[in-house]
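Handing you this structure, nothing more for now.
The values are calculated or read from the model by the stated rules, or taken from the named source; none is laboratory data. Since we're looking at a predicted model, the values are computed, not measured. Counting neighbours? That spans all protein chains shown, and the Cβs are built from the backbone with ideal geometry, glycine included. The accessibility values were calculated without ligands, DNA or RNA, using every heavy atom of the protein model including side chains. Shrake-Rupley method; radii C 1.70, N 1.55, O 1.52, S 1.80 Å.
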Amino acid sequence: MSRYLLGVVTQSLREGSPTQHPIFNRAIQCTRALLEFYMYARYKSHNDATLSYMEDALCRYRTFKDFFLLGQASKKEKAKANTLKTELVKKRKVDEETNAETWMPPKKQCEMNA
């Protein structure tokens, strides 16, 4: 699986707006460094060169790992999101009860606003 992960990540992140490209490039660099470290760590024995390569890969991973931290949210943010979700569910139930079709998927809203 590790041999294909970088290709899958790269292919998945190839599309996107120009503002997303720097973030996507960081994700690709981080994934590549992590996989390089993993591949070197699997060697049965090491010399100074392979240890240097591992250290370099680990350093590059640490440089780009903040990409993975972007998805983490604090407890306060998660609580706000859950509250908003509960409110939206209640609104949806009220709309269904009154037979009002005011809710639509976000993708549809974007298409209508464009």
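Give me the number: length gained by fully extending K80 to Q20, i.e. 0.36 nm times residue separation minus the C-alpha to C-alpha distance, one decimal in nm.
Between K80 and Q20, full extension yields 19.0 nm more.
Find, to one decimal place in angstroms, the Kirkwood hydrodynamic radius of region 1-71, where the mean of 1/r is taken over every pair of different Cα atoms and then inverted. If you can, show how the numbers build up before the last one.
Values: mean 1/r = 0.0770 Å⁻¹.
Computed over Cα pairs of region 1-71, the Kirkwood hydrodynamic radius comes out at 13.0 Å.
Here is a further query. Would you work out what percent of the accessible area of region 1-48, with all protein chains in place, is carbon or sulfur (probe 1.4 Å)?
In region 1-48, the share of accessible area belonging to carbon and sulfur is 57 percent.
Starting with the highest mean, order 23-33, 5-15, 54-64 by the number of other Cβ atoms within 10 Å, averaged over the residues of each peptide.
Averaged packing, sorted descending, gives the order 23-33, 54-64, 5-15.
In addition: Counting only residues 5 or more places away or on other chains, whose amide H sits under 5 Å from the amide H of L13 once H atoms are built in the peptide plane?
Counting only residues 5 or more places away or on other chains, the set is empty.
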